[in-house]
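The values are calculated or read from the model by the stated rules, or taken from the named source; none is laboratory data. Everything numeric in this text was worked out from a predicted model, so none of it was measured. FYI the Cβ positions are ideal-geometry reconstructions off the backbone, even for glycines, and counts take in every protein chain you see. Calculation scope for accessible area: heavy atoms of the full protein, side chains included, ligands and nucleic acids excluded. Shrake-Rupley method; radii C 1.70, N 1.55, O 1.52, S 1.80 Å.
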Amino acid sequence: MKEIAAALFKFQQEVGKVSKDATNPYFHNKYATLSSVLEAIKKPLEKANLVIVQSPSVSTLYTKIIHAESGEFVDSHYNLTP
């Protein structure tokens with residue numbers, strides 16, 4: 001956990017504000033699209049040598065953040081409900 005913890009700290013220092021680039025017509029509020037989020041985190045992830053892998057199953061989305069150099073990772077899952 002030592003290497004990935006340091007890499008996650010570096011990532012958090014590098015990542016900037018994600019711009020809210022779309023408007024929800026129902027609630028009339030602004031939100032950040034997935035492409036905006038991915039654009040904001042791409043370079044900071046690369047600088048920290050981190051990779052994000054997501055794999056959905058029928059009812060769960062699995063997410064793993066991997067430190068490329070050490071192979072250390074943190075993972076989580078989110079239950080999907082239709």
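Of note:
- Per residue accessible area of the chain, 1.4 Å probe, in Å²: 78
- Normalising the average separation of contacting C-alpha pairs (under 8 angstrom, six or more residues apart) by the number of residues puts the relative contact order of the chain at 26 percent.
- All Cα-Cα distances of segment 3-82, cut into 5 Å bins from zero to the largest, leave 3, 14, 18, 18, 19, 16, 8, 3, 1, 0 percent in each bin in turn.
- Long pairs among Lys17/Lys42; Lys10/Lys30; Lys17/Lys43; Lys2/Lys42; Lys10/Lys42; Lys20/Lys47, criterion Cα-Cα beyond 18 Å: Lys10/Lys30; Lys2/Lys42; Lys20/Lys47
- Computed accessible area, Asp75, all protein chains, 1.4 angstrom probe, square angstrom: 100
- Accessible surface of the chain, 1.4 Å probe, proportion on carbon and sulfur as whole %: 58
- Computed helical MRE - 222 nm, the chain, DSSP H runs ≥ 4 contributing -39500 (n - 2.57), nearest 500: -10500 deg cm²/dmol
- Given the chain, longest segment not containing exposed loop chymotrypsin sites (Phe, Trp or Tyr not before Pro) (DSSP; at most 15 other Cβ within 10 Å): 28-82
- Between helix 2-14 and the chain: long-axis angle, C-alpha atoms, 0 to 90°, nearest 10: 40
- When you filter the trypsin sites (Lys or Arg not before Pro) in the chain for DSSP loop state and at most 13 other Cβ atoms inside 10 Å of their Cβ, you are left with Lys17, Lys20.
- Fully extended contour minus Cα-Cα distance, from Phe73 to Lys47, at 0.36 nm per residue: 7.7 nm
- Within-14-Å neighbourhood charge of Val53 [Cβ basis; K, R +1; D, E -1]: -1
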